[in-house]
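Worksheet: the structure to be examined is printed underneath.
The numbers here are math on the coordinates, done by the rules we state, and not lab data. In this text, all values refer to a predicted model and were calculated from it rather than measured experimentally.
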């Protein structure tokens with residue numbers, strides 16, 4: 001009888017240890033890592049494509065992320081920008097090149113979707129929606145803005161994962 005009680009007790013201890021230590025960690029966001037723009041698939045309405053564009057999404061801890069963007073123009077000029085934020089829809093000031101915005105607010109309505117509102121000099125510049133494919137290897141950026149005549153448009157840009 002004592003062996004049976006001891007075995008049941010040991011089994012309960014093992015199960016409780018597994019329940020405590022075996023809690024599955026939440027999967028890392030599919031955005032985290034480095035992405036390269038497929039410049040050959042850019043919309044013709046964009047104009048001359050840059051030589052290369054990379055985005056990097058970094059988990060800074062404590063609920064903060066940083067997005068780093070590196071653009072090499074066709075003339076080999078370089079534009080770097082970065083913004084640190086929580087995905088809570090509140091405004092954050094960026095650093096570096098600010099031609100596309102000096103402030104951004106980011107929200108994540110779904111694990112594979114980010115919405116970024118960009119402002120420059122306190123005026124809306126554009127809204128970007130980023131979506132990750134089911135296999136986690138592609139990201140689409142949909143950029144919504146208005147042209148010089150005030151006509152709205154949306155352009156899609158395709159990125160592929162190049163690093164974690």
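Summary of values
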read-out	value
Segment 29-163: C-alpha gyration tensor shape, a/c 1.5 cut-off, then a/b vs b/c	rounded
Added length on full extension, which subtracts the Cα-Cα distance from 0.36 nm per residue, residue 90 to residue 129	12.4 nm
